[in-house]
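Data first, discussion second: the structure below is written as structure tokens.
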Amino acid sequence: MADKLPVQRNRPPRYKPRESIPVTVLALLQAPTEGTIANVSTRGLALRLHEPIPTESWVQVSVKDTTLVGQVQYCGAAGHGHMIGVEIQHSLKRLEQLRKLNKLIAEETDALERYVDSFVLRK
């Protein structure tokens, strides 16, 4: 009976969120283009775009509170647009928390500078 059990393979989880996101080609000085997430795995993303992006291009993708940087591995026509596959190389997470921390540090630095300035001016 045990030899009849299905074999489980450890494959990366995949899901299809269909979320619209900005995609920036890092080598180009132009505004981000809108893309749609077609599929996600632990190593990368499949994105639908209106315009093609050449393979080996480095792109930045912003998803909620995370910024991903990766390299385009494939690009092909898909329906009325193009599908690209991006292998993720770097990710920055919890960016909203980082923004809040930076703001607090800046406020404390300003307060400290005002205190020092007022102390120096008294002498």
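The values are calculated or read from the model by the stated rules, or taken from the named source; none is laboratory data. Computed from a predicted structure; not experimentally measured. Cβ: placed from backbone, ideal geometry, glycine included. Neighbour counts: every protein chain shown. Surface accessibility is based on the protein's heavy atoms, side chains included, excluding ligands, DNA and RNA. Shrake-Rupley method; radii C 1.70, N 1.55, O 1.52, S 1.80 Å.
Observations on the structure shown:
- Relative contact order of the range 31-123, defined on C-alpha pairs under 8 angstrom at six or more residues apart (%): 22 percent
- Taking θ as phi - 60° and the Karplus parameters 6.51, -1.76 and 1.60, the scalar couplings of the range 55-71 work out to 4, 6, 6, 8, 10, 10, 10, 10, 10, 6, 9, 9, 10, 10, 10, x, 10 Hz in sequence order, x denoting glycine and proline.
- ³J(HN,Hα) computed for each position of the range 104-109 - Karplus, 6.51 cos²θ - 1.76 cosθ + 1.60, integer Hz, glycine/proline x: 4, 5, 4, 5, 5, 5
- Loop-located GluC sites (Glu not before Pro) in the range 14-123 (DSSP state other than H, G, I, E, B) with a sparse environment of at most 16 neighbouring Cβ atoms within 10 Å: E19, E56.
- Excluding same-chain neighbours fewer than eight residues apart, the aspartates and glutamates reachable from K103 by a Cα-Cα span under 20 Å are D65, E113.
- Protein heavy-atom accessible surface, 1.4 Å probe, per residue over the range 16-116: 68 Å².
- When the surface is traced with a 1.4 Å probe over the full set of protein chains, T36 keeps roughly 50 Å² accessible.
- Exposure rank, largest accessible area first [I88, I21; 1.4 Å]: I88, I21
- For the pair V116 and S91, label points projected 7 Å from Cα toward Cβ lie 3.9 nm apart.
- For the range 74-83, the Karplus equation 6.51 cos²θ - 1.76 cosθ + 1.60, evaluated at θ = phi - 60°, returns couplings of 8, 8, x, 5, 8, x, 9, x, 9, 10 Hz by residue, with Gly and Pro reported as x.
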